[in-house]
Amino acid sequence: MSLFQSSTCIIPDITAVPSHIAVIMDGNGRWAKQRFMPRVAGHQRGVEALREVVIACRELGVEYLTVFAFSSENWRRPSDEVSFLMSLFLKMLEREVAKLHKNNIRLKIIGDRSRFDDKLQKTMQDAEQLTASNTALTLTIAANYGGRWDVMHAVQTMLKEHPHLAQTFAETDLQPYLSMSDAPEPDLFIRTGGEQRISNFMLWQLAYTELYFTDVLWPAFGRKELETAIASYQKRERRFGRTSEQLLDK
Ligand code: IPE
Ligand code: IPE
Ligand code: MG
């Protein structure tokens, strides 16, 4: 599928394994609470779940894995939880990046980084640079990310570079300025933790993604649960507005 054509116009090749999976990793706090542990213990275990899912995706042949780690709304949490998440993010990058690189995994971070401290910003940049030419899997972490922010930011940047587009512009003009412009749109969206909402994640890119919700809390999610989600995806018929019969003629 051309990356610069809207998913609403093109039927991507439906492969047995989704080439792009997007995940809202939710339920860390509840996982910890069930075990009479502080919420932050759930975040810590969440990193381990992510590690397992990244390895499984790489082995299954998923090309892009995009995970929501911190939303633009999560700053509203108690300040000690926010600072714990920031230091966990830094530690995770410092500890895991060499391993990602060894496994030929490219790391990308999307979101508004300007609110992170200098050290975290620098570590993010170094991690992206180190892994930039890896090809086995692209792991994108959304941090201080919001779907509306993404669209607004893309429009603003596009207009700064091409003021004449203020009159009118097409999807293809905007596409290169969106944060996921170098990836195909997600085939499968997974949200753990039981809530059935998008919470401002990838609003633009999820237009025709297959949605999968599970009650499993993120720290308890692993390879087996990922395979269950993929099996559910494989039973879907993606019509993109067409009829079932038209798909047979494709
Ligand atoms: C998701 O788990 C992780 C982040 C938002 C950082 P939560 O912390 O939202 O866990 P619950 O939803 O309170 O259980
Ligand atoms: C969404 O989880 C964001 C992340 C997983 C990073 P939340 O737990 O913050 O979502 P809401 O606010 O309950 O919808
Ligand atoms: Mg939550």
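Determine the calculated [θ] at 222 nm for the chain from helices alone, applying -39500 (n - 2.57) to every DSSP H run no shorter than 4 residues and normalising by the residue count; nearest 500 deg cm²/dmol. Computed mean residue ellipticity for the chain: -13000 deg cm²/dmol. When the P(r) is computed for segment 42-99, the part past 17 Å accounts for 46% of the Cα-Cα pairs. A simple rule links phi to the HN-Hα coupling: the Karplus curve 6.51 cos²θ - 1.76 cosθ + 1.60 with θ = phi - 60°, which for segment 196-213 gives 10, 8, 9, 6, 6, 9, 6, 4, 5, 6, 8, 3, 10, 6, 6, 9, 9, 10 Hz, with x for Gly and Pro.
If you take all other residues with their beta carbon under 11 Å from the beta carbon of Ser199, and give Lys and Arg +1 and Asp and Glu -1, the sum is -1.
With the highest mean first, a sort of the peptides 77-84, 241-248, 19-26 on other beta-carbon atoms found within 10 angstrom per residue produces 19-26, 77-84, 241-248.
Apply the a/c threshold of 1.5 to the C-alpha gyration tensor of segment 202-250 and tell me whether it is rounded, prolate or oblate.
Numbers: a/c = 3.91, a/b = 1.90, b/c = 2.06.
Cα axes put segment 202-250 in the oblate bin.
Using only the Cα atoms, work out Rg/Rh for the chain, with Rh taken as the Kirkwood radius, to two decimals. Expressed as Rg/Rh, it is 0.96. Per residue, the chain exposes 51 Å² of solvent-accessible protein surface, assessed with a 1.4 angstrom probe and all protein chains in place. Using a cutoff of 8 angstrom between alpha carbon atoms and counting only pairs six or more residues apart, the relative contact order for segment 20-248 works out to 28 percent. Across segment 214-223, rounded Karplus estimates of 3J(HN,Hα) from the backbone phi angles (6.51 cos²θ - 1.76 cosθ + 1.60, θ = phi - 60°) give 9, 6, 4, 7, 3, x, 9, 8, x, 4 Hz, Gly and Pro being marked x. Scalar couplings 3J(HN,Hα) for segment 92-97, obtained by applying the Karplus form with A = 6.51, B = -1.76, C = 1.60 to θ = phi - 60°, are 4, 4, 4, 7, 9, 4 Hz; x denotes Gly and Pro. Scoring 27-38, 43-54 by mean Cβ neighbours within 10 Å over their residues and listing the highest first yields 43-54, 27-38. When the charge dipole of segment 20-248 is built from unit charges on Cβ atoms (+1 for Lys and Arg, -1 for Asp and Glu) and taken about the Cα centre, the candidate among Leu203, Asn144, Gln246 whose Cα reaches farthest toward its positive end is Asn144.
The values are calculated or read from the model by the stated rules, or taken from the named source; none is laboratory data. What you are looking at is a predicted structure, and each value in this text was computed from that prediction instead of being measured. Cβ: placed from backbone, ideal geometry, glycine included. Neighbour counts: every protein chain shown. Protein only, heavy atoms only, side chains kept; ligands, DNA and RNA dropped before computing areas. Shrake-Rupley method; radii C 1.70, N 1.55, O 1.52, S 1.80 Å.
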